[in-house]
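The values are calculated or read from the model by the stated rules, or taken from the named source; none is laboratory data. Computed from a predicted model, the values in this text were never measured in an experiment. Cβ placement follows ideal geometry from the backbone for every residue including glycine, while neighbour counts extend to all protein chains displayed.
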Amino acid sequence: MLKDITLGQYFPGNSVIHRMDPRFKIICTVLFIVMLFAGNSLWTLVIGAVFVVMAQLLSRIPLKMSWKSLKPILPILVFTAVLNLLFIADDNILWQWKFIKITMGGVHTSVFMIVRIVLLITGSSLLTYTTSPILLTDAIESLMNPLKKIKFPVHEMAMMMSIALRFIPTLIEETDKIMSAQKARGASLDSGKMMERIRALIPILIPLFVSAFRRAEELATAMECRCYRGGEGRTRLRQLRAAPRDYIAFVICMLFTAASVTVNILFK
Amino acid sequence: MADMIEAKHLIFRYPADEPEDGKEAPVNEPILKDVSLSIEKGSFTAILGHNGSGKSTFAKHINAILLPEEGTMLVDGLDTKDEQNLFDIRQKAGMVFQNPDNQIVATIVEEDVAFAPENLGVEPQEIRRRVDEALKTVGMYEYRKHAPSQLSGGQKQRVAIAGVIAMQPDCIVLDEPTAMLDPQGRQEVLETIHRLNHEQGITIVLITHYMEEAAEADRVVVIDSGRVVLDDTPAKVFSQVDRMKSLGLDVPQVTELMWELRQAGYAVPDGIITEGECLTALEQLLLRSE
C-alpha cells in the first residue's frame with residue numbers, strides 16, 4: 001500500500017520541454033510566476049493562459065496529469081472564491097440577503113483569483129512533470145553556485161537532497177516491513193480512536209528511526225571509503241550544458257513577461 | 001611478489017562508553033590483539049572467523065577507516081597512520097560492505113558508479129569511460145539507467161562492486177558481501193569477484209561466513225578473538241576439522257562428509273574441499289568396495 005506513493009511527479013518523456021536544460025526551466029518558471037503576478041488586468045491572465053497552453057502542448061503532458069495536480073488544491077480554490085465573493089463589496093449589488101451581499105466586484109475578483117491559481121499550478125507543475133528529481137537537484141546546485149562565495153554550503157545541500165531522494169524508496173519498504181512485523185505481534189494500526197491510532201504509530205516510528213540512523217552511519221563509512229571529501233575538487237559525470245534552444249525558450253519567456261508588465265502599465 | 005597489504009602487530013580496541021557519574025572510565029578489551037598478516041599482490045584471500053572475532057575490524061584497518069592503536073598497517077607500502085596517504089590508500093584498496101542498500105549513494109546506477117571518480121576529480125569524459133567499463137565488467141551495463149531500488153540484492157551488490165572498480169583499485173576488500181543475498185545473488189557476486197581476480201589481477205580479500213566461498217580462495221586466514229590462528233591453503237585449513245569446530249566454525253559440507261566417513265573407518269583421502277574432488281573420492285571408494 002505504501003509503495004503506491006510516487007516520488008515527485010516526474011512524467012518521463014522526450015518532448016522539447018523535457019530536453020530543456022533544467023536550469024533554464026527553473027528560471028522560466030520564475031519568470032512565469034512574475035508574468036502572472038505582474039498586474040491585475042484581464043490581459044495578465046490572457047498572456048499567462050497562452051503561455052501555459054503553449055507549454056502544455058509542447059511538453060505533451062496529458063491534461064489528465066494536470067488535473068491530478070489541481071485536485072488537491074480544490075478546497076483552497078473554493079475557499080478563496082467564497083471569501084472573495086463575501087468580502088469584496090462595491091456599489092454594484094447583484095444579490096442581497098440580510099447582511100450577505102454579493103457584488104459585481106466580488107464576482108470579478110473571485111473568478112480572477114481562481115483562474116490565476118489554476119494557471120499558476122498547471123504552469124509550475126510542468127517543471128516537475130518534465131524534470132527528474134535528480135536533474136532538478138543538479139540544476140538547483142548549479143543555480144545556487146554563486147552563494148558559495150558567502151560560504152553557503154551549496155554542495156552539501158544538494159548532496160543531502162539527492163541522498164534523501166535515494167533513500168525514500170528504501171525507507172518506505174522498511175516502513176512496510178516494520179508495519180507487518182508489528183501487526184504480526186498483534187498491533188492494531190487501522191482501528192480505534194484518533195489518539196489510539198497516533199499512539200499505535202510509536203512502535204513503527206522508533207524502529208524506523210533507529211534503522212535510519214544505522215543506515216546513515218553505514219552510508220557515511222561507504223562514502224568515505226569511496227574517497228568522498230566534500231564538494232572541493234569534485235567533478236561531475238553529467239554536465240549541464242545549455243543548447244541554443246534553451247536560450248530561445250528563455251527569450252520567449254522574457255518576451256511574455258515583458259508583455260505582461262507593459263500591458264499592465266498601459267491599461268492601468 | 002610484493003605485498004599488497006602488510007599488517008604488523010596490529011592492536012586495536014574500540015573506545016569505551018562515557019562512564020556515568022564520575023566513575024573510572026572502563027577500558028575495553030582489545031578486539032585485535034596482535035594481528036600480523038601479509039597479503040600478496042594479485043592473490044585471493046578469504047578471512048574467516050565467527051562474530052566478534054575481529055575480522056571486520058581488521059578489514060576496516062586496510063582502508064584507514066580505523067587506525068591501529070599499536071603496530072603498523074601498510075597498504076602498497078603506504079602507512080595508514082599518515083594523513084597524507086589517506087586518499088591514495090582508499091583509492092588503492094576499495095571496500096564493499098554487507099548491505100548493498102547502505103552503500104549506494106545515487107538514485108541512478110551509473111551516477112552511483114561515477115561517485116568515486118567524481119570524488120577523485122577525474123575528467124568527465126574519463127569518468128564516462130570508467131563507468132561504462134566498470135558496469136560492463138560486472139555485467140550491469142544494461143541497467144545503467146535504472147534506479148537502485150528496482151534491482152535485486154545481487155545486482156545492487158554488483159553495482160557496489162562496479163562503484164569500487166571505477167576507482168581503478170589494486171585491491172578490493174569485501175566484508176561479507178553475500179550475507180544478505182539469495183543463492184543466485186551470491187553466485188553472481190562470487191563469479192564477479194573471481195573474474196576480477198583472474199582477469200584484472202586485482203587482489204581480493206574476502207571476509208565471509210560461508211565455508212564454500214572460502215574453499216575457492218588461494219589462501220584462508222582464520223581470525224579468532226583478535227588473533228590469526230590458522231593461515232594456509234583452503235585444503236590444509238579445512239582438513240583440521242576438529243580445530244575448526246573448536247573455533248566455532250564449520251568446514252565445507254563435502255569436507256565434513258569426508259571427515260565423517262573417515263571417523264567411520266573408511267579410507268578416503270584428506271584435504272577434500274570441492275564437490276568435484278568429493279565425487280572422485282566417493283567413486284573410488286565405491287569401486288574399491290565392489
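Quick notes
- Restricting attention to the range B:71-128, the residues being at the interface with chain A (Cβ under 9 Å from one of its Cβ atoms), of a type in the set (D, E, K, R) and outside any helix (DSSP H, G or I) number 1.
- Number of residues in the range B:38-74 that are surrounded by fewer than 20 Cβ atoms within 10 Å (Cβ to Cβ) and of a type in the set (A, V, I, L, M): the value is 3.
- Residues located in the range A:180-196, provided they are farther than 22 Å from A:F213 by Cβ and within 34 Å of the chain's Cα centre (by Cα): A:L189, A:D190, A:S191, A:K193, A:M194, A:M195, A:E196
- Matching entry among B:I47, B:I65 (being in a loop (DSSP other than H, G, I, E, B), on the phi < 0 side of the Ramachandran plot and β-branched (V, I, T)): B:I65
- Residue within the range A:85-98 that is within 14 Å of chain B (Cβ to nearest Cβ) and buried (at least 16 other Cβ atoms within 10 Å of the Cβ) present: no
The rows are residues; the columns are (1) of a type in the set (A, V, I, L, M, F, W, C); (2) in contact (Cβ under 8 Å) with a residue 40 or more places away in the chain; (3) in contact with an Asp or Glu (Cβ under 8 Å, 6 or more places away or on another chain).
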site	(1), (2), (3)
B:N119	no, no, no
B:V122	yes, no, no
B:I127	yes, no, yes
B:Y141	no, no, yes
B:H146	no, no, no
B:S149	no, no, yes
B:Q155	no, no, yes
B:I161	yes, yes, no
B:V164	yes, yes, no
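Yes or no, residue by residue, for (1) part of a helix (DSSP H, G or I); (2) within 19 Å of the chain's Cα centre (by Cα); (3) not assigned by TED's automatic domain parsing to the domain that holds A:S211:
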| site | (1), (2), (3) |
| --- | --- |
| A:D138 | yes, yes, yes |
| A:H155 | yes, no, no |
| A:A158 | yes, yes, no |
| A:S162 | yes, yes, no |
| A:L165 | yes, yes, no |
| A:I168 | yes, yes, no |
| A:E173 | yes, no, no |
| A:I178 | yes, no, no |
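- In the range A:128-141, the residues that are among the aromatic types (F, W, Y) form Cβ pairs under 7 Å with partners that are outside any helix (DSSP H, G or I), at six or more places apart or across chains, as follows: A:Y129/A:Q9; A:Y129/A:Y10; A:Y129/A:F11; A:Y129/A:I61.
- Condition met for A:V263 (away from chain B (no Cβ under 14 Å) and surrounded by fewer than 16 Cβ atoms within 10 Å (Cβ to Cβ)): no
- Single unsatisfied condition, B:V228 versus (1) without any contact (Cβ under 8 Å) to a residue 40 or more places away in the chain; (2) over 25 Å from B:A106 (Cβ atoms); (3) crowded, with 18+ Cβ neighbours inside 10 Å: (1)
- Qualifying residue in the range A:227-245 (condition: more than 10 Å from chain B (Cβ to nearest Cβ) and hydroxyl-bearing (S, T, Y)): no
- Of the residues making up the range A:216-226, those that are more than 7 Å from chain B (Cβ to nearest Cβ) and among the small types (G, A, S) are A:A216, A:A220.
Per-residue answers, yes or no, for (1) surrounded by 14 or more Cβ atoms within 10 Å (Cβ to Cβ); (2) in contact (Cβ under 8 Å) with a residue 24 or more places away in the chain:
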| position | (1), (2) |
| --- | --- |
| A:S59 | yes, yes |
| A:K71 | no, no |
| A:L77 | yes, yes |
| A:G105 | yes, no |
| A:R116 | yes, yes |
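- Sole residue being surrounded by 13 or more Cβ atoms within 10 Å (Cβ to Cβ) and away from every other protein chain (no Cβ under 14 Å), chosen from A:L189, A:L171, A:L165: A:L189
- The single residue among B:G271, B:G276 that is in a helix (DSSP H, G or I) and farther than 21 Å from B:S56 by Cα turns out to be B:G276.
- Some residue of the range A:191-203 being touching an Asp or Glu at 6+ places or on another chain (Cβ under 8 Å) and in contact (Cβ under 8 Å) with a residue 24 or more places away in the chain: no
- Residue match in the range A:226-241 (condition: at pLDDT 85 or above and in a helix (DSSP H, G or I)): no
- Test result for A:A200, assigned to a helix (DSSP H, G or I) and more than 14 Å from every other protein chain (Cβ to nearest Cβ): yes
For (1) in contact with a Phe, Trp or Tyr (Cβ under 8 Å, 6 or more places away or on another chain); (2) within 14 Å of chain A (Cβ to nearest Cβ); (3) on the phi < 0 side of the Ramachandran plot, each residue gets a yes or a no:
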position: B:V131; (1), (2), (3): no, yes, yes
position: B:T137; (1), (2), (3): no, no, yes
position: B:A147; (1), (2), (3): no, yes, yes
position: B:Q155; (1), (2), (3): yes, no, yes
position: B:V164; (1), (2), (3): no, yes, yes
position: B:G185; (1), (2), (3): no, no, yes
position: B:H194; (1), (2), (3): yes, no, yes
position: B:G201; (1), (2), (3): no, no, no
position: B:D224; (1), (2), (3): no, no, yes
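- Every pair of residues 6+ apart whose Cβ atoms lie under 7 Å, when the first sits in the range B:248-261 and is more than 17 Å from B:L230 (Cβ to Cβ) while the second is at pLDDT below 85 and part of a helix (DSSP H, G or I): B:V254/B:E275
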